[in-house]
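The values are calculated or read from the model by the stated rules, or taken from the named source; none is laboratory data. Just so you know, these numbers come straight off a predicted model, no measurement behind them. Quick reminder, even Gly has a Cβ in these numbers, built from the backbone with ideal geometry, and neighbours come from all protein chains shown.
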Amino acid sequence: MEGILTTLNDLIWSNWLVYLCLGAGAYFTLATVFLQIRCIPDMIKQISQGEKSEAGISSFQSLMISLAGRVGVGNIAGVATAIAFGGPGAVFWMWTVALLGSSTSFIECTLAQIYKEKDRDTGEYRGGPAYYIEKAYKHTAARPFALVYAIVFAVSMILATSYFLPGIQANGVAAAMENAWSVPTWVSAAGMSLLLAVIIIGGVKRIATFASMVVPFMAVIYIFVAIAVLFTNASQVPEVFGLIFRSAFDKEAAFSGLLGAAIMWGVKRGIYSNEAGQGTGPQSAAAAEVSHPAKQGFVQAFAVYVDTLFICSATAFIIISTDMYKVFEGESEDGAVRYAGSLPDGVPVGPGFVQEGLNSFAAGIGPSFVALAIMFFAFTTVLAYYYMSEVNFAYLNRWVHNDTARRVIIWALRVLIVVSVFIGATSTPGSAWALGDIGVGTTAWLNIVAILVLQRPALQCLWDYRRQKKAGHDPQFDPEALGIRNADFWEQRKADMVAAGTWRS
């Protein structure tokens with residue numbers, strides 16, 4: 001089975017996907033005129049000012065769900081894996097894909113807002129790639145193909161987020177707890193499964209509330225600890241940056257010849273970590289209550305920075321500044337050790353790199369702190385995955401007209417993800433990561449191709465937002481004025497505001 005997974009993974013994660021992710025990010029960066037740098041004030045303002053309603057959550061809560069999905073095991077174990085198989089230079093390529101991916105995230109999340117709709121059962125906002133792929137071509141000759149493509153995406157996302165990806169997070173939690181406190185994996189699996197079941201029954205608002213409390217708290221503490229390590233090793237900071245940049249361009253003798261591996265692992269783990277273009281962020285973006293789609297696009301663009309430039313960088317600095325890492329040839333732990341650093345023998349690739357790095361800073365705190373960080377990060381990620389699965393189930397449920405049948409399907413989803421967490425926690429790490437990479441790669445292929453084709457409405461939204469902002473107005477979205485069809489929610493919103501006399505002409 002592992003051989004089959006490896007072959008399939010290699011096929012999906014060929015160099016072409018790397019080129020597609022980097023190329024799309026570079027293109028959207030130019031098309032939006034470096035939005036990810038130019039519009040940082042808009043990003044921060046919208047995070048602090050977003051409102052919520054009965055149907056939608058606030059921009060901040062949407063950001064927290066998004067970050068819950070982005071900030072997980074990949075920010076700790078994933079960074080360690082990238083360094084182990086690509087050298088320190090892989091960190092630079094993670095930064096690169098994050099900077100470029102911020103513009104990609106804006107496009108996909110703005111599209112999700114444009115084509116969102118209200119769920120007929122819950123009244124909550126729903127949206128994402130499946131919705132915008134179908135609705136953008138609703139009244140065109142391409143509709144049959146778009147519909148099939150949307151269904152394929154929805155099914156792929158359900159499989160990825162309800163079974164493949166949760167296993168990685170659960171596996172990371174179980175491994176960290178066993179290493180830190182000798183907790184048997186089945187005990188961790190049972191505990192996670194039970195808590196997950198309790199929270200997801202409450203729906204998106206309970207998920208958003210939980211994520212809003214946990215994610216900022218844990219992220220701030222994690223970054224604070226990384227800063228403490230950096231201050232302790234302040235003399236190493238210039239060398240850490242220098243090593244990362246030299247290795248990224250094959251200029252460091254110890255890691256010469258690893259340029260291809262550095263790019264591949266940096267991009268792969270960068271995409272897995274920040275999820276830009278993967279199609280997962282748009283689900284939570286669509287749930288937000290905003291007056292203009294571009295507003296939530298800005299918020300989700302900023303999420304990429306928080307994930308990779310802050311948290312992943314914190315992990316990398318802990319590992320590299322303390323010299324607690326190994327680099328292998330052949331992109332496998334079976335390969336020859338290119339660089340052993342100060343890492344004790346027997347520490348496998350993954351969270352152990354960070355744990356040993358923290359132990360060198362303050363003996364004894366590494367295993368427990370990393371275990372706690374992974375527990376919180378990974379568990380909130382699983383919650384976000386459930387929400388993404390539910391949104392795509394809701395998309396497919398639109399063709400199920402029996403209310404009871406729709407409820408049964410949602411409950412079946414809840415059982416599936418709880419079971420997948422238990423199985424993932426007790427599986428081998430290799431199988432868990434392989435399945436996760438297959439899920440991420442498949443949805444990334446489908447979504448990036450889609451948004452390259454569907455980009456125009458998102459770009460129109462950006463320029464419309466800038467025009468209204470320049471005129472001194474709080475931007476309000478009118479799809480008809482921009483020639484955007486099938487944005488049914490926004491058309492109805494305008495009609496309601498006109499009837500109430502609150503629409504600004």
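All conditions but one from (1) more than 26 Å from ALA362 (Cα to Cα); (2) surrounded by fewer than 23 Cβ atoms within 10 Å (Cβ to Cβ) apply to PRO216; the one that does not is (1). Please go through segment 107-132 and pick out each residue that is of a type in the set (Val, Ile, Thr), under 20 Å from the mean Cα position of the chain (by Cα) and over 17 Å from SER59 (Cβ atoms). Within segment 107-132, ILE107 is the sole residue that qualifies. When restricted to residues that are farther than 25 Å from THR29 by Cα, under 28 Å from the mean Cα position of the chain (by Cα) and aromatic (Phe, Trp, Tyr), segment 462-505 contains 2. Filtered by the rule that a residue be closer than 15 Å to ASP323 by Cα and crowded, with 21+ Cβ neighbours inside 10 Å, segment 362-373 gives a lone residue, GLY366. Residue pairs whose Cβ atoms lie under 9 Å apart, separated by 6 or more positions or on different chains, with the first residue in segment 1-29 and over 17 Å from TRP95 (Cα atoms) and in contact (Cβ under 8 Å) with a residue 60 or more places away in the chain and the second surrounded by 14 or more Cβ atoms within 10 Å (Cβ to Cβ) and basic (Lys, Arg), are TRP13/LYS268; LEU17/LYS268. Checked against (1) farther than 30 Å from TRP16 by Cα; (2) modelled with pLDDT of 85 or more; (3) more than 21 Å from the chain's Cα centre (by Cα), ARG406 meets all criteria but (2).
Scanning segment 228-251 for residues that are in a loop (DSSP other than H, G, I, E, B) and either at pLDDT below 85 or loosely packed, with under 13 Cβ neighbours inside 10 Å (or both) turns up ASN233, PHE249.
Which of the residues belonging to segment 111-167 are more than 16 Å from ILE451 (Cα to Cα) and of a type in the set (Phe, Trp, Tyr)? Scanning segment 111-167 gives TYR125, TYR163, PHE164.
Identification of helices (runs of 4 or more DSSP H) wholly contained in segment 266-357 with 1 or more residues that are in contact with a strand residue (DSSP E or B) (Cβ under 8 Å, 6 or more places away or on another chain) yields 281-286, 293-304.
Taken together, the residues in segment 374-394 that are within 30 Å of TRP181 (Cα to Cα), of a type in the set (A, V, I, L, M) and surrounded by 24 or more Cβ atoms within 10 Å (Cβ to Cβ) amount to 5. Right, THR104: over 15 Å from the mean Cα position of the chain (by Cα) and either under 26 Å from SER59 (Cβ atoms) or assigned to a helix (DSSP H, G or I) (or both) or not? Taking the combined requirement at face value, the residue does not satisfy it. ALA340 meets all of the listed conditions (1) more than 23 Å from TRP181 (Cβ to Cβ); (2) surrounded by 16 or more Cβ atoms within 10 Å (Cβ to Cβ); (3) modelled with pLDDT of 85 or more but one, namely (2). Whether a residue is within 26 Å of the chain's Cα centre (by Cα) and buried (at least 24 other Cβ atoms within 10 Å of the Cβ) was assessed, and GLY260 does not pass this test.
For the subset of segment 108-146 comprising residues that are over 23 Å from PHE393 (Cα atoms) and hydrophobic (A, V, I, L, M, F, W, C), which member is modelled with the highest pLDDT? The qualifying residue modelled with the highest pLDDT is ALA142.
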